[in-house]
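Below: one structure, written as structure tokens.
Read the figures in this text as sums done on the coordinates, not as results from a lab. Computed from a predicted model, the values in this text were never measured in an experiment. Virtual Cβ from ideal backbone geometry, glycine too; neighbours counted across all protein chains shown.
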């Protein structure tokens, strides 16, 4: 297995806690505060890291591309998923993660000019179908779909664009530098939204909810991207992105352990199918 895939897997493990811990946090905080505030926390860490290591400034069009990354993964995905999780379960939210690999691979192929073999797409399609069916069954089936799913779909599109563009930028700026600059670029808007969210006062959250928020800011929005973008930068991007297929399995497992959401044989069998499809997809070489 390539080094890029191992780095990608480490990032996915970090991200797999995002949906369950967001579900914990929204019980005591507003979705706007969580979505914007966690980006502010990460931006502070990013600014410190960039300053202490004296990183060179991005040049020219790199600023525009960083704005695209920021719009996708610093603002779009966190805000949309947080609002969605105010009215749906963490297991249902894992549908987002199940759709991300296919969306990211598609954007990567278009933007990065990668040309996967047909077998790659077949395995990807099977894996995505398995992951989506698995997540929907866990959340109660298609009958439970509602407006929150539109937010989740928007989050998928936003994250796919941010992941693909960020993976390309990481080859130029470096893995952790890319997410750090994106956080800095988005920080003025995120700070403004955080201030607006604090209009009614500070959240009356429990210690567990604050710890969940801290994880979202420090790991989900910052440290996890160190590994993820490094994996995408090493590549091949379309293959590394398929590691995300195991993320809904992990997320639903954490939802069962942390939130007490049901875990049945469907979870076990569905999880195995998703992992096998992901493993097969990443072994398919890109056509030279």
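Pairwise Cα separations in the stretch 187-277 fall into 10 Å bins from 0 onward with the following percentages, short to long: 13, 29, 31, 22, 6.
Could you work out how much longer the chain between residue 86 and residue 44 gets when fully extended? Use 0.36 nm per residue separation minus the Cα distance between them, nm to one decimal.
Numbers: separation 42, 0.36 × 42 = 15.12 nm, distance 2.65 nm.
Taking 0.36 nm per residue and subtracting the Cα distance, the gain is 12.5 nm.
Report the equivalent ellipsoid semi-axes for the stretch 208-261 in whole Å, largest first, defined as the square roots of five times the eigenvalues of the gyration tensor built from alpha carbon atoms. Numbers along the way, then the final one.
Values: eigenvalues 126, 56, 4 Å².
Each semi-axis is the square root of five times an eigenvalue, giving 25, 17, 5 Å.
Springs join every pair of Cα atoms under 10 Å in this Gaussian network model of the chain, and among 174, 256, 201 the largest mean-square fluctuation is at 201. Each listed q (0.10, 0.14, 0.20 Å⁻¹) maps to a log10 I(q)/I(0) for the stretch 1-100 from the Debye sum over equal C-alpha point scatterers, namely -0.36, -0.69, -1.16.
The distance separating the Cα centre of the stretch 44-60 from that of the stretch 179-230 comes to 18 Å. By the count of other C-beta atoms within 10 Å, a proxy for reagent exposure, 257, 168, 50, 152 are ordered fewest to most as 257, 50, 168, 152.
List 190, 29 from most exposed to least, where exposure is judged by having the fewest other Cβ atoms within 10 Å.
On the way: 190 26, 29 23.
Least crowded to most crowded, the residues run 29, 190.
Taken over the stretch 3-282, the alpha-carbon convex hull comes to 115 cubic angstrom per residue. Put in order of Cβ neighbour count within 10 Å, fewest first, the listed residues 153, 193 become 153, 193.
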